[in-house]
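The values are calculated or read from the model by the stated rules, or taken from the named source; none is laboratory data. Since this is a predicted model, take the numbers as computed values, not measurements. Neighbour counts run over all protein chains shown; Cβ positions are idealised from the backbone, glycine included.
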Amino acid sequence: MGLAACMAVAAIAVQSCGGNGSGAPGRDAGAAAPSGARRPDGSLARVRAAGVLRWGGDVQGGAPYVYDDPDHPGQNKGFEVDLAIALARELGVRAEFVQNDWSALVPSLERNTFDVILNGFEVTRPRVGRVRFSPPYYVFAARLMARRDDARIRADVNSLRGMRIGTLTNSFSEEVLKGHAEIVGYEGTEEPYADCVAGRTDGVLLDDIIATIYGVPKPELRVVGDLADGFYAIAGRPADEDLGVALDAALARIIASGELERILKRENIYNDRQLGLRTWSADDQRRMLGLSPAAPGQTGALGGPPPGAAGVSSTAPHRMTLGQVWMFIQGAGITLLLSILAMGLAVPLGLALAVSRLYGPKFVARLADLYVEFYRGTPVLLQLYVLYYGLASIIRLDAVTAAVLGLGMNYAAYEAEVYRAGIQAVPKGQLEAALSLGMTTPLALRRVVLPQAFRLALPSVTNDFIALLKDSSLVSVITVVELTKRMTIVAVDTRSYVVPGLLCAFLYFAMSYPLSILAKRLEERLARS
Amino acid sequence: MITIDKLQKKFGDRVVLSDISVTFEKGKVVSLIGPSGGGKSTLLRCVNGLETFDAGSITVDDLKLEPGDAKKNKHALLAIRQRVGMVFQQWNLFSHRTALGNVMEAPVHVKGVSPAQATERAKALLDRVGLSHRMGAYPHEMSGGEQQRVAIARALAMDPEALLLDEPTSALDPERVGEVLDVLRKLAKEGQTMLVVTHEMRFAREASHRTLVLHGGAIIEDGPPEQVMDHPTHERTRAFLGKG
């Protein structure tokens, strides 16, 4: 035991030396630099010793990448499963899949949850700065789809100005669209096409594989054309150069032997775009990574972006710009607005529900009961999905309206319970006294019971509002860009979660803390009276 | 002005009021006495509809309450409650309103009196119960005696034809009982019709015109206070008055 622990510590020490000591090698080797002069970093030895190559992906991404085998539930299937098995075999180890939320693959890679990412992980400029990409194992096209009856859209990115185009957040396609269209970001692959059918967006730009599975089956949509080629590649930690080099070589063998072609054919995704993989050169790799082709005598230097590349110019982590800070503040404004509107709905609706449950006719009370139990008993995320996507064929709400309604109706259920508790805590004698003066029950409730119940409920209501402020981040699933979403977008741009994360946390705090103070003051004032 | 005819009420199997018939006249003070659980408070609460009953009827002037829930008697109930005020053992002042606010509440929101007029009236009433200096106080800032006097002013603000008082001094500290009884004596002298459930025998004897003894849900004694207290006819009354 003791010895093993010592060795583990030593291994980590060696590893971190390799990572921090020289900094650069990881990065320039990403451009397939010769590894002769490099000191071993122990990453390959570590994988070999463990006997396992752990690869990260998200089953939710679905076919044909990694998906639950319908014939063998609980087992994974997909071209990347086959590829991982082949790669591991080449290294002389076993492949082990690690399920991970797709949007958090990079942070998980960095904290060593697995050794590599292998899951339709596109080569994008922000990612090039953070992970080490192998040569590609698949070349895809960013494919534009639109409604069949919409003739305005052409297969030219410049024709998209002013149009709302759906795509996956932080994807290659999003990069292609940046500066050319109004981007509507999604987390899932079905929703962008559904929204396009519903008319909430004008088009969808996504990988051809995704378009074929999710977009093409929709009869309302047509393929407009392809805007750019993109690449799926294996992503590893820049510090794990040994492992990276070994995987590059393994991939090259798998491609050369025709095994990759067979794997891709099994899922019916092989096409002539893949022909270039067999002759992939170091220059191709540099171009893919957005580095300038190597000039003679100059190896591995970081170059500028390819001509015409918009936006961020450096692949290294960089500071947030003032513009991004301003975007954050706008995001905070949207969060606050959503929360206030949703609470503005939740409070009166909750009050009506509470009063119906306590004083309404049996039928109405029962309905209110059902409402509360239903909304408390199901996740708000699901409710948002149903409201925005599920009901799209019946009632087409825009995203912000759906967000306010969804959050408001959900919180109304909680408010109803809070008010009910408050009403029941008001002594019975208060209502009796009011009735004995000739008040009707509604008047007695309004003038006597509810004001006191509200005072009792105030701490809980404030609590709920602060919770709502944070829960409002859930509405990013229905394409509303609020504070948290803005944070993740900027974090990808700046290659770091630290500063955007802190700023985001600060803004939430700056909104909720004054509320806490205000509520406390109000409580004290009411308690005195 | 209030006629109770063959009134019956049960809580489950237990008979709380059995076949009570009695008439209360205008301008008279009637005290209801008797052992706990005899049905005094329930009778009072039936009169302004805070309790329902199972048989018989209650008539206030031309308004009649019949067995059944509040919905059935809605119109009569609201009208009766405006004419018959109630004062509770536990005061039940609206805790979110000042003394003045408590007194103004019903005139403004039930009768539609203008706030200015209601304020004038409320001030006068608070003065009448000796609390003109406490108008801005909230219930929790007042003693029990003060709260009960505000409660009386609150009931009077609706100009009730009759006042129902449910053990108005039972929850008070002994040294606070006197100030409330003083107010009630003054009202009695002014000819205010009152039905008082009380355990204050001296008050009942001095201030009321008539005393009823309730026991087991029935009136077992009815007459002028001196007669009832000095020459009770029922042995239960003698036991209750300690004249066994």
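Tabulated data
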{"read-out": "Any hit, the stretch B:105-117, residues being away from chain A (no Cβ under 12 Å), of a type in the set (S, T, N, Q) and assigned to a helix (DSSP H, G or I)", "value": "yes"}
{"read-out": "Test for A:G129: is it closer than 24 Å to A:N271 by Cβ and not assigned by TED's automatic domain parsing to the domain that holds A:A491", "value": "no"}
{"read-out": "Only one of B:R176, B:R149, B:R185 that is under 16 Å from the mean Cα position of the chain (by Cα), surrounded by fewer than 20 Cβ atoms within 10 Å (Cβ to Cβ) and of a type in the set (D, E, K, R)", "value": "B:R185"}
{"read-out": "Search result, residues across the stretch B:83-93 that are surrounded by fewer than 21 Cβ atoms within 10 Å (Cβ to Cβ) and facing chain A (nearest Cβ under 7 Å)", "value": "B:Q90"}
{"read-out": "Cβ-Cβ under 7 Å pairs, at least 6 apart or on other chains, the stretch A:385-407 side in contact (Cβ under 8 Å) with a residue 12 or more places away in the chain, far side crowded, with 18+ Cβ neighbours inside 10 Å and of a type in the set (D, E)", "value": "A:Y389/A:E191; A:L407/A:D471"}
{"read-out": "Qualifying residue in the stretch A:501-521 (condition: within 13 Å of chain B (Cβ to nearest Cβ) and surrounded by 15 or more Cβ atoms within 10 Å (Cβ to Cβ))", "value": "no"}
{"read-out": "All positions within the stretch A:77-95 that are out of contact with any helix residue (DSSP H, G or I) (no Cβ under 7 Å at 6 or more places or on another chain) and at positive phi", "value": "A:G78"}
{"read-out": "Any hit, the stretch A:407-423, residues being within 10 Å of another protein chain (Cβ to nearest Cβ) and surrounded by fewer than 24 Cβ atoms within 10 Å (Cβ to Cβ)", "value": "no"}
{"read-out": "Breaking point among (1) part of a strand (DSSP E or B); (2) free of Cβ contacts under 8 Å to residues at least 60 places away in the same chain; (3) of a type outside the set (K, R); (4) within 26 Å of A:L264 (Cβ to Cβ), for A:P217", "value": "(1)"}
{"read-out": "Any chance B:A99 is at pLDDT below 90, closer than 24 Å to A:P451 by Cβ and within 14 Å of chain A (Cβ to nearest Cβ)", "value": "no"}
{"read-out": "Residue within the stretch A:448-465 that is in contact (Cβ under 8 Å) with a residue 24 or more places away in the chain and under 21 Å from B:A157 (Cα atoms) present", "value": "yes"}
{"read-out": "Checking A:R455 against (1) within 14 Å of chain B (Cβ to nearest Cβ); (2) among the charged types (D, E, K, R); (3) surrounded by 15 or more Cβ atoms within 10 Å (Cβ to Cβ); (4) over 30 Å from B:G85 (Cα atoms), the condition it does not meet", "value": "(4)"}
{"read-out": "Flag for A:P459 being more than 19 Å from A:A421 (Cβ to Cβ) and more than 18 Å from the chain's Cα centre (by Cα)", "value": "no"}
{"read-out": "Residue count for the stretch B:147-192, restricted to those that are away from chain A (no Cβ under 13 Å), part of a helix (DSSP H, G or I) and free of Cβ contacts under 8 Å to residues at least 60 places away in the same chain", "value": "16"}
{"read-out": "Verdict on A:L445 being under 25 Å from B:H109 (Cβ atoms) and over 38 Å from the mean Cα position of the chain (by Cα)", "value": "yes"}
{"read-out": "Out of A:A95, A:A84, A:A88, A:A181, sole residue that is buried (at least 23 other Cβ atoms within 10 Å of the Cβ), under 27 Å from A:L260 (Cα atoms) and small (G, A, S)", "value": "A:A84"}
{"read-out": "Qualifying residue in the stretch B:132-139 (condition: outside any loop (DSSP other than H, G, I, E, B), over 16 Å from the mean Cα position of the chain (by Cα), away from every other protein chain (no Cβ under 13 Å) and free of Cβ contacts under 8 Å to residues at least 12 places away in the same chain)", "value": "yes"}
{"read-out": "Qualifying residue in the stretch A:425-445 (condition: free of Cβ contacts under 8 Å to residues at least 12 places away in the same chain and away from every other protein chain (no Cβ under 14 Å))", "value": "no"}
{"read-out": "Verdict on A:T494 being farther than 22 Å from A:G344 by Cβ, among the polar types (S, T, N, Q) and away from every other protein chain (no Cβ under 11 Å)", "value": "yes"}
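Table: residues versus (1) at pLDDT 90 or above; (2) in contact with an Asp or Glu (Cβ under 9 Å, 6 or more places away or on another chain); (3) within 13 Å of chain A (Cβ to nearest Cβ); (4) not in a helix (DSSP H, G or I).
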{"site": "B:G27", "(1), (2), (3), (4)": "yes, no, no, yes"}
{"site": "B:S31", "(1), (2), (3), (4)": "yes, yes, no, yes"}
{"site": "B:S36", "(1), (2), (3), (4)": "no, no, no, yes"}
{"site": "B:C46", "(1), (2), (3), (4)": "yes, no, yes, no"}
{"site": "B:L50", "(1), (2), (3), (4)": "yes, yes, yes, yes"}
{"site": "B:A70", "(1), (2), (3), (4)": "no, no, yes, yes"}
{"site": "B:I80", "(1), (2), (3), (4)": "yes, yes, yes, no"}
{"site": "B:V103", "(1), (2), (3), (4)": "yes, no, yes, no"}
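Let's see how each residue does on (1) modelled with pLDDT of 90 or more; (2) outside any helix (DSSP H, G or I); (3) hydrophobic (A, V, I, L, M, F, W, C); (4) surrounded by fewer than 16 Cβ atoms within 10 Å (Cβ to Cβ):
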| position | (1), (2), (3), (4) |
| --- | --- |
| A:G290 | no, yes, no, no |
| A:A295 | no, yes, yes, yes |
| A:G303 | no, yes, no, no |
| A:I334 | yes, no, yes, no |
| A:G344 | yes, no, no, yes |
| A:L353 | yes, no, yes, no |
| A:L381 | yes, no, yes, yes |
| A:Y385 | no, no, no, no |
| A:Y388 | no, no, no, no |
